[in-house]
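Just below is one structure, and these are the notes that go with it.
The values are calculated or read from the model by the stated rules, or taken from the named source; none is laboratory data. Nothing here was measured: the structure is a model prediction, and the numbers come from that model. Because the Cβ atoms are built from the backbone with ideal geometry, glycine has one as well, and the counts that use them run over all protein chains shown. Surface areas here come from the heavy atoms of the whole protein model, side chains and all, with no ligands, DNA or RNA. Shrake-Rupley method; radii C 1.70, N 1.55, O 1.52, S 1.80 Å.
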Amino acid sequence: MASPIVKGNNFGATDTVTNTTLNNIVDNSTFKGTDGNGVSFSVSGSDLGTCVSAGGLAVHTTGQLQLKSQANLTVLGNTSGGAAVPTAVAILDEDNMNSDSATSLATQQSIKKYVDDNSGLKASTATGTIDGDASYKELDLSSVVGSNKAMVIMEVYNCLATRSFHFKTKGSPQNFSNVSASTVAVGPSNVGGTIVVTTDSAGKLEYRASASNSSTGVTYVVQAFQVIS
């Protein structure tokens, strides 16, 4: 088996061994790299050679190698897109993932929280009243669904006089007719129905009544919603 060490001094058959040449064997020797050539390691303080720049290795007081201390919520890795010396990579404990980082990791708790908050229908009991006429008005549901686009399932009922109420995404150019899927007939004594409608990216809807005369005290209840990424 070939020696993994490149000697610091080579002797010929008739060379004299001196203290200098013996020291050279140790002082000038190197470990072989994968290409067979010598690779030198310099030690400065408690750091081991080129690993200092990586912040990765240190020499323990026992003389053994150990990982250096890292800042809290970091790991050693490489996010450069190519081969590079390892550096500290951040671990983010960020439930909303707002930083949208392509070079950071996430904690298990953050991942679970983000998935729980942004997948599947969320139950709701949010309620309120609206007044309608022939012009579209804004209904801000951001306090329920957040400031984002969301699909909303909502009960609408109880009006002093029978009216059709039309709901749409805020800013939609469409002027929904009485046969629209997001239209519900509302009347006295809790007459109404359930609609499905999508908010805009700020969590807002628009609605109007079918008649020009105003309709007051109409109740809405958000039954469930789902955030749309």
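Applying the selection to segment 9-31, what residues are without any contact (Cβ under 8 Å) to a residue 12 or more places away in the chain, surrounded by 10 or more Cβ atoms within 10 Å (Cβ to Cβ) and of a type in the set (A, V, I, L, M, F, W, C)?
Answer for segment 9-31, where residues must be without any contact (Cβ under 8 Å) to a residue 12 or more places away in the chain, surrounded by 10 or more Cβ atoms within 10 Å (Cβ to Cβ) and of a type in the set (A, V, I, L, M, F, W, C): PHE11, VAL17.
If you scan segment 172-229, which residues turn out to be aromatic (Phe, Trp, Tyr), open to solvent by 20 Å² or more (accessible area, probe 1.4 Å) and either touching a helix residue (DSSP H, G or I) at 6+ places or on another chain (Cβ under 6 Å) or at pLDDT below 95 (or both)?
PHE176, PHE225
Pairs please, first residue from segment 97-126 and free of Cβ contacts under 8 Å to residues at least 60 places away in the same chain and aromatic (Phe, Trp, Tyr), second anywhere and surrounded by 15 or more Cβ atoms within 10 Å (Cβ to Cβ) and not in a loop (DSSP other than H, G, I, E, B), Cβ atoms under 9 Å, 6+ apart in sequence or on different chains.
Note: pairs meeting the criteria are TYR114/ALA106.
Looking only at segment 189-229, how many residues end up being under 16 Å from GLU155 (Cβ atoms) and assigned to a loop (DSSP other than H, G, I, E, B)?
The qualifying residues number 2.
So is THR127 within 30 Å of ASN98 (Cα to Cα) and open to solvent by 70 Å² or more (accessible area, probe 1.4 Å) or not?
Taking the combined requirement at face value, the residue satisfies it.
Considering each of ASP131, ASP200 in turn, give the residue that is acidic (Asp, Glu) and more than 39 Å from the chain's Cα centre (by Cα). Reasoning before the result, please.
Working: ASP200 fails: more than 39 Å from the chain's Cα centre (by Cα).
Just one listed residue meets the conditions, ASP131.
Using the structure shown, decide if LYS122 is open to solvent by 50 Å² or more (accessible area, probe 1.4 Å), farther than 26 Å from ASN98 by Cα, among the basic types (Lys, Arg) and at pLDDT 90 or above.
Details: open to solvent by 50 Å² or more (accessible area, probe 1.4 Å): yes; farther than 26 Å from ASN98 by Cα: no; among the basic types (Lys, Arg): yes; at pLDDT 90 or above: yes.
So LYS122 does not fit the description; no.
Please go through segment 130-168 and give me each residue that is open to solvent by less than 20 Å² (accessible area, probe 1.4 Å), farther than 29 Å from ASN118 by Cβ and modelled with pLDDT of 95 or more, ordered by number.
none
Which residue is nearest to PRO86 (Cα to Cα), if the candidates are limited to segment 97-116 and must be open to solvent by 90 Å² or more (accessible area, probe 1.4 Å) and part of a loop (DSSP other than H, G, I, E, B)?
Residue satisfying both the conditions and the ranking: ALA102.
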